[in-house]
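Heads up, the thing below is written out as structure tokens.
Bear in mind these aren't lab numbers, they're just calculated from the coordinates by the rules spelled out. All values derive from a computational prediction rather than experimental measurement. With ideal geometry, Cβ positions are generated from the backbone for all residues, glycine too; neighbour counts draw on all protein chains shown.
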Ligand SMILES: [Zn+2]
């Protein structure tokens, strides 16, 4: 007889799409304690097979919820998709919101391990313990059509995730869309679905997540909610709750770090009239959120279209020289329907624009997005395109993944964070925007590498823990692992605190470094495009945006390697692996 | 990193939180650096290996805080000393009721051993710890400023708790001899009441630059007069249809470059980094002719805002959000409300009170003053209210201890 778990369901569902067979695994308690869930547990399952090619049926597609998912812990509706990235060849995970992770937990599953390849396109439908693989004729359909179809036949409140034609036509920029409006955007995970002939997943659960200490969880929740109420970024008049993540747009303009013209400049003259309030005035959006979140940073326009997130707003205006708000709306909607990552799509268009010198018109922009999702060259991403033109240096990417909408010359922690992220040009691994721009927990000097190596390392560990608990990174603009540690302890009944969660996060992160090393990644991949070390940004006002000092960057990176316990070229060591209880790299 | 360590060590001393030259501040990037050498580094440095931190602050608090903290932390049968942890460790904690504790610290643990292992066990749950006989240890993950802030909040919260508890015990028949002795020593060590007014702007600024300068000066005065601690408090000024306001987490004595311009028509979100109280400030401007607002956490205003003789009130314990009474202290209204927004946020309760009276105290939190004529005026109200609260505190105490019913 197993001792019942609290917080976790204690069950992982393995689905083999070749044979159509499913198996239920009951992981040992110890595994839950060390990997937590979400990104950590997914990484555990990926590790033994992390070098398999994308089209290898044995490469798993993983979806994991966290121990807090489905509980009353604030913002705990997050899950993680994970596999190897078709875009970068590195590991790739993508946090997913909406209802998906919550419904998975309520159906009784901590995670899904999907392997194999179906003979023809199928969907996975999970209703509590019942799992069905359903052949579908939705192949090639845009995601909105898939969601319309599923919503008609499924129970209310059912969670849905699907890929669009971009994935099915082989684009490594393909995302996964969840519950219509939520993207698991980065790294091309949609293509892993397509390689398995998996078109959609639908989940509905009727159970409840067992909580060890309800009163303790309620107290932790109150402490977290109090901190969130005190956070201007989350709940202030101009914060994410009122304005959506687009609230950052004006700030990036004011700080002169808005990537403009494929990162050739850092200020876009038209930005002030394309900000979040301008979009709000034009499209009258209302709030929408993931299950279990009161911030509701997602915004839906009065006409039903999702409002663009900050990165999409920025890349589809400043980065490509567009001043038409409606075109941003159309591009965003189209990317979501086609299943394209908006960040990589926008950055790839910007790269094309710089290399060819051709501006986009409304017609050519829309056509370019269609082409990307239908086998066109640009659908392979900016690095592939730039290399084919002999201009690889104009792909604004790290490890082949396009950079998000923060210019690293305006925030040196961001520069390190981009370069060192285990999934490529990602702003979220260490999210230094938090202290360099948003002043949380306190402000740091954004034009200095001083102290940043350790700050980045600690933040990567913290965010790995956050992604493993099943909560939203935005919550950590207000609360910390101190408060969430108490929520976790109350939910699971384990002894836990900020320190033990950070230790778990460090382990999760190092495991990812090992997987990347096994795929051949090292220091030369932990770098930024040369532009940032050679060209100035757009100085003005009282802000001077200089090129990043290459020597200072390399010194900070070397310091990071030491602090992280890597060797001098950024590879995991036997010693650190052993210290963290991880199998050393092969 | 070393420069930041030195800066916050200096700041602890200039704000009277510790004696000059006694603070130890360490920061770790590739190497661990300290602001100065001290043999206690041997006990503190291992904390960097045991905890996921990048900075640490330690200092023995200056008087009268040392006496206050030693008294509160002493293992007496104190009412607010909380029980053992799950392991049965003797880890007590103080649970002050003020907003800084409630929101940011939650409670203040006491660690009785100045050993790395014992302190790490405590600091893995909380941001600051009292080590009786030694001082306060606090830490941060991005900057020594965090340790400074938590140190300062701990001192503030203990001060408020000490005076609040003394008053409460006076109401219930009187503090014991030990408490009385400590109280007398503390009162003897209190700095004299300030009556001098700094030379602040006597008119409303008319230009952006003038407003920034006036705000920076006013901020320095609020800190200089001891009316706020660390990075708490905020300042704003209305210039036409734009509100200039201090940024979230900015120190009022260092406001240069830390003021956001927020158009009242909502046409820009550049105020994303503005103080968490922007909403409240903005509503005060909408509801009144006020042109500038100051907010500090002056201690006796906070203490008196929490002193209530309604022992049988059904909302006891929830006063900070629920208090249904129209309470005043020295004619200044006291309103409930938590930091920022939300259904129980002070954004709902403060604006009408401040717009109507020009001053209002938020329960357990701090004092807001507004003026239609300039920062000098708003500052005078701030200082005067705090001075009157301080006098009222001792008057109330005298009355209670001498057996008279307080007025
Ligand atoms: Zn305050």
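Of note:
- Residues residue B:394 and residue B:265, FRET efficiency given R0 of 60 Å [Cβ-Cβ distance, rounded to 0.05]: 0.80
- The value given for segment A:203-355 is a Kirkwood hydrodynamic radius of 17.1 Å, derived from the mean inverse Cα-Cα separation.
- Cα centroid of segment B:332-407 to Cα centroid of segment B:129-144, whole Å: 31 Å
- Inter-label distance, residue B:195 to residue B:208: 4.3 nm, where each label sits 7 Å from its Cα along the C-beta direction.
- Segment B:145-162 and segment A:42-58 have Cα centres spaced 50 Å apart.
- For the peptides A:293-304, B:6-17, A:489-500, the ranking by mean Cβ contacts within 10 Å, running from highest to lowest, is A:489-500, B:6-17, A:293-304.
- In terms of its alpha-carbon gyration tensor, segment A:457-586 comes out oblate; a/c meets the 1.5 threshold, while b/c is at least as large as a/b.
- Stokes-Einstein, applied to the Kirkwood radius of chain B over Cα pairs at a viscosity of 1.306 mPa s and 10 °C, places its translational diffusion at 72 µm² s⁻¹.
- log10 of Debye I(q)/I(0), alpha-carbon scatterers only, for chain A at 0.06, 0.07 Å⁻¹: -0.26, -0.36
- log10 of Debye I(q)/I(0), alpha-carbon scatterers only, for segment A:1-124 at 0.09, 0.10, 0.16 Å⁻¹: -0.24, -0.30, -0.77
- Square roots of 5 times each gyration tensor eigenvalue, C-alpha, segment B:2-188, largest first, Å: 28, 18, 14
- Segment A:84-98 and segment B:1-47: distance between their alpha carbon centers, rounded to Å: 42 Å
- The ranking of B:106, A:182 from fewest to most other beta carbons within 10 Å of each one's beta carbon is B:106, A:182.
- Annotation: extensible slack from residue A:389 through residue A:130 equals 88.2 nm (criterion: 0.36 nm per residue apart, minus Cα-Cα distance).
- Expressed per residue, the C-alpha convex hull volume of segment B:208-401 stands at 111 Å³.
- Counting only DSSP H runs of at least 4 residues, each contributing -39500 (n - 2.57), and dividing by the residue count of chain B, the helix-based mean residue ellipticity at 222 nm comes to -12000 deg cm²/dmol.
- Spin-label model, residue A:562 to residue B:326: label points 7 Å out along the Cα-to-beta-carbon direction sit 6.6 nm apart.
- Modelled FRET efficiency - R0 41 Å, residue B:316 with residue B:254, Cβ distances, 0.05 increments: 0.55
- Relative contact order (percent, whole number), chain A, Cα cutoff 8 Å, 6+ residue spacing: 17 percent
- Residues A:401, A:127, A:158 arranged by fewest to most Cβ contacts within 10 Å: A:127, A:158, A:401
- Computed from the Cβ-Cβ distance with R0 of 60 Å, the FRET efficiency linking residue A:539 to residue A:284 stands at 0.95.
- Dividing the mean sequence gap of close Cα pairs (under 8 Å, 6+ apart) by how many residues chain B holds gives a relative contact order of 13 percent.
- Mean separation of Cα contacts under 8 Å, 6 or more apart, over the residue count of segment B:259-407: relative contact order %: 28 percent
- In this simple spin-label model, placing a label point 7 Å from the Cα along the Cα-to-Cβ direction at both residue A:367 and residue A:206 gives a separation of 5.3 nm.
- Restricting the calculation to alpha carbons of segment A:12-204 gives Rg and Dmax of 14.9, 42 angstrom.
- Taking other C-beta atoms within 10 angstrom as a stand-in for reagent exposure, A:538, B:267 fall in the order B:267, A:538, fewest first.
- Only alpha carbons enter this Debye calculation for the protein assembly as shown, each as an equal point scatterer, and the log10 of I(q)/I(0) it gives at q = 0.05, 0.10 Å⁻¹ is -0.30, -1.19.
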